[in-house]
Amino acid sequence: MKKYTILLLLLTAGTQFSCNNDLDPTVYSSLTNTNGYQTKSDAVAAINSIYGRLKGPSVGDNFSYWATRHFALTDIATDLGHCQYGGDPGQLSLGTWSSTNGLLQEDWNSMYKLIANANNAIFYITPMTGISAAEKAQFIAEAKFLRASSYMDLTDSWGPVILITEADIANPDYLAQTPPSSVEEIDAFIIKELNEAADVLPVNYRDNAIYGSNDVGRATKGAALTLLAKLYMRSHDWQKVVTLTQQVMNLNEYSLFPSYTGLFKESNKWCSENIFSSLSDANINGTELLNHFGPIDHPVVENRWQYYTVNWDFYNTFGDEDERKECFFPEFTGVDHLLHKQAPTLGAEPPAGEFYMPDVSTRKYADDETTTYYDGHSVNILRYADVLLSRAEALNEISGPTGEAIDLINQVKARSHAKLLVLSDYNQATLRDAILQERGWELFYEGKRRADLIRMNKYDVLVNAYHLRVGEAAQIKMPQNKFYTYPQSQVDLNPKLSNADRQ
């Protein structure tokens, strides 16, 4: 997306002063919420600030929300994720989080900061007279999509949350303590927002009349329809999922990228599989994905932390023919001159010259294309493979295995040269399990796993089974662990957020 800047210039009078001198600055221009929304550039800057919240601050460390932190909530705390360290990510990895977990707090804050930016943009762009009706509709539609995506993530993680919109900005009781809205109420709000956005947003931005170029990464009609399908999946409204995924496919805008590993290369900023992504540039607004996902002691991908990883059990489920198995660092000779590898058995001690890694890091956001501290990897929040698998799941839930459902799954498998499914081998229950497994292989560390497990009633079953196998406690209990505990700092601010039933 293009970068826009609003300048605020303050000059102080005089060149000499002492502690006794009064400072009386001369203000040459002053930016306020009123005079700051005059031109198209002002409106675009406001919309771009919402996109910026998908990652984090524009200066300093960029590790918030989809730039790293969100994966701790959505993937580490599942049957495939792992963190060998203690602290906040270690709690999530073990299923022992509490209301004081810092990652829960950071993700909550990031989502509500995005919502605050969206609310302000909608509130102040709506009365603008310096832009056309078409421009106004476009900007508001983008803001609504982004706000809906945050509320979707909030309700995935916490269920009932505080619903705040642009209508609250003019309310004198804006900061009053209010009870959380139910998931059903927020779902109704999201559905309305996404339908309105889908009616306005373009299919793509090639030769766009408002932005004037192929401004990839912005919200589109396909993104709004895909997110809406994801919401209906969560509520098991399978027929709506079938309808919406067909609409996305009928746009003829998307296709699978030829190579799975190539899809996530830092150089592949955008391609035909992308529906909605958070984009970065290592030199301008890079993220810390490479640092969190990269391997320890690797001779090429150096000085990384192996912080967000997959467990060996998950890695071992891939077939050797599957290209997706190449998306890891399972064995290498490190800078410590030791052979880093998987232990042959649980608890085995390595011989001289070897090091048994407790987990395996992924190349998904840690390829060897860059050696900088900040990287420019895109994060695919919504992509076409997910649409195909979501449609297959909905078809199976409606009528059991069908040729179309199997074909949709096999399209995804074939891209990675994985073993294809045969229709006659499955009934509805076994195909449901196969789809869940396929989603794990295809979408690991893309922010989907915890929602998938909960939707298919397998969260406690699969997570606890893994922990028990490796000698850890089975901590996940349903239904209380369906949602995370509210961050304690938020409960302190608003006691109407209660964790009584989530401990």
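The values are calculated or read from the model by the stated rules, or taken from the named source; none is laboratory data. The structure displayed is predicted, hence computed values, not measured ones. Every residue, glycine among them, receives a Cβ derived from its backbone with ideal geometry; neighbour counts consider all protein chains shown. Accessible surface areas use protein heavy atoms only, side chains included; no ligands, DNA or RNA. Shrake-Rupley method; radii C 1.70, N 1.55, O 1.52, S 1.80 Å.
Numerical summary
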{"read-out": "Tilt relative to the chain, helix 459-469 - C-alpha long axis, 0 to 90 degrees, to 10", "value": "50 degrees"}
{"read-out": "Residue-level accessible surface for V300, protein heavy atoms, 1.4 Å, Å²", "value": "70 Å²"}
{"read-out": "Segment E302-Y211, length gained on full extension (0.36 nm per residue, minus Cα span)", "value": "28.8 nm"}
{"read-out": "Per residue value of the accessible surface for the range 225-379 (all protein chains in place, 1.4 Å probe), Å²", "value": "41 Å²"}
{"read-out": "Gain in span if fully extended, Q428 to T100, counting 0.36 nm per residue against the direct Cα distance", "value": "114.0 nm"}
{"read-out": "Percent RCO, i.e. relative contact order, over the chain, from Cα pairs under 8 Å lying at least 6 residues apart", "value": "17 percent"}
{"read-out": "Angle in degrees between helix 102-125 and the longest Cα principal axis of the chain, rounded to the nearest 10", "value": "40 degrees"}
{"read-out": "Backbone HN-Hα couplings from phi across the range 418-427 [Karplus 6.51/-1.76/1.60, Hz, Gly and Pro as x]", "value": "7, 5, 7, 7, 10, 3, 5, 7, 10, 10"}
{"read-out": "Prolate/oblate/rounded label for the range 464-503 (Cα gyration tensor, a/c 1.5)", "value": "prolate"}
{"read-out": "Computed E for E369/Q437 - FRET, C-beta separation, R0 35 angstrom, nearest 0.05", "value": "0.75"}
{"read-out": "Hull shadow area, averaged, the range 334-470 [alpha-carbon convex hull, nm²]", "value": "11.2 nm²"}
{"read-out": "Low-density loop positions, GluC sites (Glu not before Pro), the range 285-350 - DSSP coil, at most 14 other Cβ in 10 Å", "value": "E302, E321, E331"}
{"read-out": "Heavy-atom surface of the range 58-183, accessible at 1.4 Å and reported per residue (Å²)", "value": "33 Å²"}
{"read-out": "Gained length - E321 relative to S182, 0.36 nm times residue gap less alpha-carbon distance", "value": "45.5 nm"}
{"read-out": "The chain - mean residue ellipticity at 222 nm from DSSP helices (-39,500 (n - 2.57) per run, n ≥ 4, rounded to 500)", "value": "-12500 deg cm²/dmol"}
{"read-out": "Karplus-derived 3J(HN,Hα), 6.51/-1.76/1.60, for each residue of the range 313-319, Hz, glycine and proline x", "value": "4, 5, 4, 6, 7, 5, x"}
{"read-out": "Separation between Cα centres of the range 65-129 and the range 483-503, rounded to whole Å", "value": "15 Å"}
{"read-out": "Under-5 Å amide H pairs with F355, H placed in peptide plane, nonlocal only", "value": "L339, H340, K341"}
{"read-out": "Over the range 203-335: Kirkwood hydrodynamic radius from C-alpha pairwise inverse distances, Å", "value": "18.0 Å"}
{"read-out": "Filtered chymotrypsin sites (Phe, Trp or Tyr not before Pro), the range 341-436: DSSP coil and at most 15 other beta carbons within 10 Å", "value": "Y373"}
{"read-out": "T309 long-range amide H proximity, modeled H, under 5 Å", "value": "H82"}
{"read-out": "Under Karplus coefficients 6.51, -1.76 and 1.60, residue-wise ³J(HN,Hα) of the range 289-297 in Hz, glycine/proline x", "value": "4, 4, 5, 6, 9, x, x, 6, 6"}
{"read-out": "The chain, accessible surface, carbon-and-sulfur percent (1.4 angstrom probe)", "value": "53 percent"}
{"read-out": "Antiparallel %, DSSP beta bridges [both residues in the chain], to 5", "value": "80 percent"}
{"read-out": "Distant-in-sequence amide H partners of V161 (H built 1.01 Å from N, under 5 Å)", "value": "S181"}
{"read-out": "Degrees between helix 428-443 axis and first principal axis of the chain (Cα, 0 to 90, nearest 10)", "value": "60 degrees"}
{"read-out": "Projected label distance in nm at E472 and A352, using a 7 Å step from Cα toward the beta-carbon", "value": "3.4 nm"}
{"read-out": "Calculated FRET efficiency for the pair S259/K419, C-beta based, R₀ 25 Å, to 0.05", "value": "0.90"}
